[in-house]
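The structure under discussion appears below in the form of structure tokens.
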Amino acid sequence: MAIVKMNKISIIGLNKEKSLLIKDIMDLGVVEISSQDSKITDPEWINFVKRDGNETEVLNYDAKISKINEVLASLEKYDNSKKPLFSTRRTITSVEFEQRILSSAKTEENVTQILELIKSLNEVSTEENKTETAIMSLKPWAMYDVPLDIGDTRYTSIFTGVVPNIIDIEKLTNDLEQKTDRCYFRKISSDKDQHYISIICLSSEKDDVYEILKQYGFNNVTFKDLEGTAAENIVKYDQKLKELSQKKEIIEKNITGAVPYKEEIQLLYDHLVIERDKNKILGNMLKTDTTFYIEGWIPENSKEKVEQALNAYQCWYEINQPEEGEQYPIALSNNSFVQPFESITELYSLPSSSNIDPTLFMAPFYCIFFGLMLADVGYGLIMSILCFSVLKKFKLEGTIQKMLKLFFYCGISTAFWGVMFGSWFGDAIPAAAKLLFNSDFTIKPLWINPMEEPMTLLVFSFVFGVIHLFAGMAVKAYMLIRDGNVLDAVFDIGFWYGFIIGLALMLFGNAIIPGSGQIGKWMTIIFAVGLILTQGRSKTGIVSKLISGVLSLYNITSYLSDILSYSRLLALGLATGVVSSVVSILGSMGGRNIFGILLFVIAMLIGHSFNFAINALGAFVHAARLQYVEFFGKFYEGGGEQFNPLIKKTKYNKIIKEEI
Amino acid sequence: MNILTNGNFLAILGASVAALAGIGSAIGVGIAGQAAAGVVAEDPKKFGSTLILQALPGTQGIYGLLIAFIILNKIGLLGGGMAELSAAQGGFFFAASLPIGVVGIISAIHQGKVAASGIMLVGKRPEEIAKAMVYAAMVETYAVLALLISFLMINGITI
């Protein structure tokens, strides 16, 4: 269906044309060159071919790219111009791109220079840190007025060091005094961990003094390579810090001065990425002395384009349909409404090529369920308008564009259900009317108010659930019929349809159409018998057939739990509504005066932002869950490989072919 | 007057029990937050996706608040004039608050653990965030069911 049909392509060409041909293929951007590892080990091939590839070149490019990345990151940091909310790629023609790359030697020089600057900036920063640490460690000794380079004199020894804060200094001095009276003790300073002390004693008594100090957990502190007192050194270091910060400023100014080169550097970055990818893809190719071999996939509808390009070369090529059951890489193609929902499918897993693209079937349900769970006109409109204006303003690509489109549609759905349920920022408007004008104005819901009639909405949630599940089963039936298993479709899907509808009619039918309960009863019985007779058909032996047939009825519990799971549609919808009304009530508490109105406005802003954020997240997650668990569970198997053609994976410039 | 036969007291007690679901959310969000901080320490760019996962166990607290609020609103405590409830009516409110109060706490704690594991998953494979969210949402199902039952019960009580 919406999985793009792929054709297999193989090319044999001459080595001398290889790089040109690869460039052309890359320009086309529709050829996936698959890895040929299996052929390397195949004895039939191994005698003729070798793996192509140029890994050293790739590594070279990678090294250059990572350097430029570093440069760009720091330029980004010093770029003071206003940055857009979303980064988009500049559009540039291939002609202009090639031309500007010609002068890349100058850019490379700039890159080297900026790298130098970054390196010296780092050095200065390290030096700064070192100096700061040195100051920190000297600070406690600021009051110590003996020059730090004086250690022992002829007759005396000096101890400088720290003892833990918890010890009793007085006891320490007492102990010292008891030992000797020719000893000078001084506490320099203390902080929350330790005391900083110095002791001067006779050299002859040095060991005795040290013995006592050791008992109090004394740790020697030495000042290596320092001259003068601590205070003098601190002044010196402070001076050094000043110089360093000046140096830093100059370097930073130089880097800021290089910001205008950013665009050229980005161009070079993209160029290197393209060249790297060209070299990298060689690893997926095979070669002989004069020829090369490529095998891969192209979308069927690009066949002519590829043929045209290849005809310009002296090469042999072949484009074939994939063999029966052969797995091919997956690309999805859908119309513009369904396309954004591909991201939900991709987040789960891509379909395998024998499966079906579920996006088309899932999209409307996702949109409706998201809307039901958020269900507020205000929130929906804000979401849609925000997404729309971002999409208009920025030329976004890829996943983020898909996501914004997705939320645009979901916002519309949210607003729609808001109208149905009469929720405009919850009940903010009636609450404001009540606060300001004391009027009993209310906004009537177009359908029902879920707060007042939760049971009705609960039933409808289940009805939505049954429709959703039946749709999933219908897709399964389609797949079975497509593969020629018509009977399987009738037995496994058709009978269950009948059984579930019958059960529903039997239990609830009389309330809607009197007498339909009787029909439901017979339907249930007939289809139950049908299931018992058919569900064990793969088993051998009449007894085991019947047993597994009967056991299969137990599956009704899984259908039941699937359906009950849809009650979250009501519950999350209620959560949005109730939190909104909490906000209104809190906001109205100030009464009708200037502060009351101010309180109302503030409560509205904060409360609704919070409510919107948390419930939009809930709606996103739970709408996805209903698809992944309940819906996909009925028919879908993932496991497809993404189609990964050789294209220019540029980051900053979007290269287009024609002139604009 | 015996306070346990006072209907109004029982109803307010019910609202309190419902709001206790926030305990679970606090623990759950806490567990997830610790894991998130660890992942962000390695790669600060993952703040956004880990924050989303961290927020998931927070909903039980909101559900509890929701039920508590509906009870308070229904008995008129918020409007000023509180209705005189019989002991039986008050007991009904209390009973109706139990599902979200109890299930909320337990499911939020476990959802927090799943979210924490999910955050680890995102740490290694950022592209798999959807799966991590769905795992956490599986746990939340039971809080949603409890919320629904509590809500339907309260909705059915006549005063």
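Every number in this text was worked out from the coordinates using simple rules, so none of it is lab data. Quantities reported herein were computed from a predicted structural model and do not represent experimental measurements. Quick reminder, even Gly has a Cβ in these numbers, built from the backbone with ideal geometry, and neighbours come from all protein chains shown.
If you average over every viewing direction, what projected area does the convex hull of the Cα atoms of the stretch B:36-127 give, in nm²?
On the way: hull surface 30.4 nm².
Seen from a random direction, the Cα hull of the stretch B:36-127 projects 7.6 nm² on average.
Taking the Cα of A:LEU533, stepping 7 Å toward and past its beta carbon, and measuring to each backbone N in the stretch A:473-493: which are under 13 Å?
Zone members listed by number: A:491.
Let me know the longest stretch in chain A that avoids all GluC sites (Glu not before Pro) found in a DSSP loop with at most 15 other C-beta atoms within 10 Å.
On the way: sites that count: A:GLU227, A:GLU323, A:GLU324, A:GLU326, A:GLU397, A:GLU452, A:GLU637, A:GLU641, A:GLU658, A:GLU659.
No qualifying site falls inside A:1-226, the longest such stretch.
Hey, quick one: spin label on A:ILE519, modelled 7 Å out along Cα-Cβ, who in the stretch A:435-475 has an amide N within reach, i.e. under 19 Å?
A:463, A:467
Using θ = phi - 60° and the Karplus curve 6.51 cos²θ - 1.76 cosθ + 1.60, what whole-Hz ³J(HN,Hα) does each residue of the stretch B:22-39 get, with Gly and Pro shown as x?
x, 4, x, 4, 4, 5, x, 5, x, 4, 5, x, 4, 4, 4, 4, x, 5
Hey, in chain A, which Cys have no second cysteine's beta-carbon closer than 4.7 Å?
Cys with no partner Cβ under 4.7 Å: A:CYS315, A:CYS367, A:CYS387, A:CYS410.
For the stretch A:630-642, take each phi angle, set θ = phi - 60°, evaluate the Karplus expression 6.51 cos²θ - 1.76 cosθ + 1.60, and give the result in whole Hz per residue in order, putting x for glycine and proline.
Values per residue, Gly and Pro as x: 7, 6, 4, x, 7, 8, 9, 10, x, x, x, 8, 5 Hz.
Assuming R0 = 22 Å, what is the FRET efficiency of A:ILE512 and A:VAL629, from their Cβ-Cβ distance, to the nearest 0.05? Walk me through the intermediate numbers first.
Numbers: r = 29 Å, r/R0 = 1.32.
The formula returns an efficiency of 0.15 here.
To the nearest whole number, what is the average tally of beta carbon atoms from other chains within 10 Å of the beta carbons of peptide A:442-454? Kindly include the intermediate steps, with their values, before the conclusion.
Numbers: counts 0, 0, 0, 0, 0, 0, 0, 0, 0, 4, 1, 1, 6.
Taking all residues of A:442-454 together, the mean is 1.
List every residue whose amide H lies under 5 Å from the amide H of A:MET285, counting only residues 5 or more places away in sequence or on a different chain, with H placed 1.01 Å from N in the peptide plane.
Residues meeting the criterion, in which the H sits 1.01 Å from N, are A:ASP52.
Provide the gained length on full extension for the span A:MET143 to A:LYS224, in nm with one decimal, where the gain is 0.36 nm per separating residue minus the Cα-Cα distance. All intermediate terms of the calculation are to be shown ahead of the outcome.
Working: separation 81, 0.36 × 81 = 29.16 nm, distance 1.84 nm.
Fully extending the segment from A:MET143 to A:LYS224 adds 27.3 nm.
To the nearest Å, what is the center-to-center distance of the stretch A:423-441 and the stretch A:93-168, using C-alpha atoms only?
For the stretch A:423-441 versus the stretch A:93-168, the Cα centre distance is 63 Å.
Explain nothing, just the number: relative contact order of the stretch A:343-634, from Cα pairs under 8 Å at least 6 residues apart, as a whole percent. The partial results should precede the final answer.
Working: 362 pairs, mean separation 63.1, N = 292.
It rounds to 22 percent for the stretch A:343-634.
Give the long-range amide H neighbours of A:SER189: residues separated by 5 or more places, or on another chain, with amide H under 5 Å away, using H modelled in the peptide plane at 1.01 Å from N.
Amide H neighbours of A:SER189: A:TYR196.
Just subtract the alpha-carbon distance of A:LEU14 and A:ASP191 from 0.36 nm times their residue separation and send over the number in nm, one decimal. Don't skip to the answer; put the middle values down first.
Working: separation 177, 0.36 × 177 = 63.72 nm, distance 7.85 nm.
That works out to 55.9 nm of additional length.
Find how much the distance from A:GLU249 to A:GLU323 grows on full extension, using 0.36 nm per residue of separation minus their present alpha carbon separation; answer in nm with one decimal.
Details: separation 74, 0.36 × 74 = 26.64 nm, distance 6.61 nm.
Length difference between fully extended and current span is 20.0 nm.
Jot down the radius of gyration and Dmax of the stretch A:322-389, Cα atoms only, both in angstrom.
Looking at the stretch A:322-389, its Cα Rg and Dmax stand at 15.7, 53 Å.
What order do you get for A:477-486, A:645-654 when each peptide is scored by the mean count of other beta carbon atoms within 10 Å, highest first?
Working: A:477-486: 14.4, A:645-654: 17.5.
Listed from highest to lowest mean packing, they are A:645-654, A:477-486.
What list do you get for A:ASP357, A:ASP277 if you sort them by fewest beta carbons within 10 Å? Show your work: numbers first, answer last.
Numbers: A:ASP357 23, A:ASP277 18.
The most exposed by this proxy come first: A:ASP277, A:ASP357.
Cα-Cα pairs above 22 Å in the stretch A:490-614: how many percent? The partial results should precede the final answer.
Numbers: 4665 of 7750 pairs.
That fraction is 60 percent.
Based on the Kirkwood radius over alpha-carbon pairs, what value in µm²/s does the Stokes-Einstein equation return for the translational diffusion coefficient of the stretch A:251-320 at 37 °C and 0.692 mPa s? Spell out each step's value before the answer.
Details: Rh = 16.1 Å.
Reported coefficient: 204 µm²/s.
How big is the stretch A:109-257 along each principal axis, measuring the range of its Cα positions in Å and listing the largest first?
The Cα atoms of the stretch A:109-257 stretch 73, 34, 21 Å along the principal axes, largest first.
Binning at 10 angstrom from zero up to the longest distance, how are the C-alpha pair distances of the stretch A:236-373 distributed in percent?
Reading upward from the zero bin: 8, 18, 21, 19, 15, 11, 7, 2, 0.
Between A:GLN113 and A:GLN308, how many nm apart are label points set 7 Å from Cα along the C-beta direction?
Reported label-point gap for A:GLN113 and A:GLN308 is 4.5 nm.
Label A:TYR184 and B:GLU128 with points 7 Å out from Cα along Cα→Cβ: what is the distance between them in nm?
Inter-label distance under the simple model: 7.0 nm.
Normalised by the number of residues in the stretch A:150-222, what is the relative contact order in percent for Cα pairs under 8 Å and 6+ residues apart? Numbers along the way, then the final one.
Details: 112 pairs, mean separation 33.1, N = 73.
This gives 45 percent for the stretch A:150-222.
Please compute, for peptide B:63-70, the average count of beta-carbon atoms on other protein chains lying within 10 Å of each residue's beta-carbon. Before the final figure, lay out the partial values.
Numbers: counts 5, 0, 4, 9, 1, 1, 5, 5.
Per-residue shielding by partner chains comes out at 4.
Non-local amide H neighbours of A:THR93 (under 5 Å, H modeled in plane, Pro and chain starts lacking H): which ones?
A:ILE656
Using just the Cα positions, wrap the stretch A:343-634 in a convex hull and report its mean projected area in square nanometres, one decimal place.
On the way: hull surface 76.9 nm².
For the stretch A:343-634, averaging the hull's shadow over all directions gives 19.2 nm².
So what is the relative contact order of chain A, in percent, for Cα pairs below 8 Å that sit 6 or more residues apart? Please report the intermediate quantities before stating the final value.
Working: 937 pairs, mean separation 149.1, N = 660.
For chain A, the relative contact order is 23 percent.
Starting from the 7 Å offset along Cα-to-Cβ, what nm value, one decimal, do you get for the label separation of B:ASN2 and A:SER336?
The modelled label-to-label distance comes out at 7.3 nm.
Calculate the length of the line joining the C-alpha centroid of the stretch B:53-108 to that of the stretch A:302-381, in whole Å.
46 Å
If the label point is 7 Å along Cα→Cβ of A:LEU546, which residues in the stretch A:522-538 have backbone nitrogen under 17 Å from it?
Only A:528-538 fall inside the zone, counting backbone N under 17 Å.
Apply the Karplus curve 6.51 cos²θ - 1.76 cosθ + 1.60, θ = phi - 60°, to the phi angles in the stretch A:134-144 and return the couplings in whole Hz, x for Gly and Pro.
In residue order, the calculated couplings are 4, 4, 4, 6, 8, 3, x, 9, 4, 7, 7 Hz.
If you average 1/r over all unlike Cα pairs in the protein assembly as shown and invert the result, what Kirkwood radius do you get in angstrom? Walk me through the intermediate numbers first.
Working: mean 1/r = 0.0296 Å⁻¹.
So the Kirkwood estimate lands at 33.8 Å.
Would you mind telling me the antiparallel percentage of the DSSP bridges in chain A, rounded to 5?
On the way: 39 of 45 bridges.
Of those bridges, close to 85 percent are antiparallel.
Calculate for the protein assembly as shown the 222 nm mean residue ellipticity that helices alone would give, adding -39,500 (n - 2.57) per DSSP H run of length 4 or more and normalising by residue count, nearest 500 deg cm²/dmol. Kindly include the intermediate steps, with their values, before the conclusion.
Numbers: 30 runs with 499 residues, N = 819.
Helices in the protein assembly as shown give a 222 nm mean residue ellipticity of -20500 deg cm²/dmol.
Rounded to a whole number, what is D in µm²/s for the stretch A:150-222 from Stokes-Einstein with the Kirkwood radius over alpha-carbon pairs (10 °C, 1.306 mPa s)?
Working: Rh = 12.2 Å.
Here the translational diffusion coefficient equals 130 µm²/s.
What are the trypsin sites (Lys or Arg not before Pro) within the stretch A:505-566 that DSSP puts in a loop, where the Cβ has at most 11 other Cβ atoms within 10 Å? Write out the running numbers ahead of the final one.
On the way: sites: A:LYS521, A:ARG537, A:LYS539, A:LYS545; in loops: A:ARG537, A:LYS539.
Listed in order of number, the matching sites amount to none.
As an exercise, use a Förster radius of 30 Å and the Cβ-Cβ distance of A:ARG89 and A:ASN644 to find the FRET efficiency, rounded to the nearest 0.05.
Values: r = 19 Å, r/R0 = 0.65.
It comes out at approximately 0.95.
Shielding by partners for B:129-135, please: the mean number of other protein chain Cβ atoms within 10 Å of each residue's Cβ.
Numbers: counts 1, 11, 5, 0, 8, 9, 1.
Mean partner-chain Cβ count within 10 Å for B:129-135: 5.
Say the cut-off is 24 Å between C-alpha atoms; which of A:LYS303/A:LYS392; A:LYS77/B:LYS45; A:LYS649/B:LYS45; A:LYS83/A:LYS253; A:LYS305/A:LYS657; A:LYS64/A:LYS654 go over it? Don't skip to the answer; put the middle values down first.
Working: A:LYS303/A:LYS392 34 Å; A:LYS77/B:LYS45 16 Å; A:LYS649/B:LYS45 21 Å; A:LYS83/A:LYS253 19 Å; A:LYS305/A:LYS657 15 Å; A:LYS64/A:LYS654 21 Å.
The pairs that break the limit, which is 24 Å between Cα atoms, are A:LYS303/A:LYS392.
Assuming R0 = 51 Å, what is the FRET efficiency of A:GLU96 and A:VAL463, from their Cβ-Cβ distance, to the nearest 0.05? Write out the running numbers ahead of the final one.
Values: r = 58 Å, r/R0 = 1.14.
Here the calculated transfer efficiency is 0.30.
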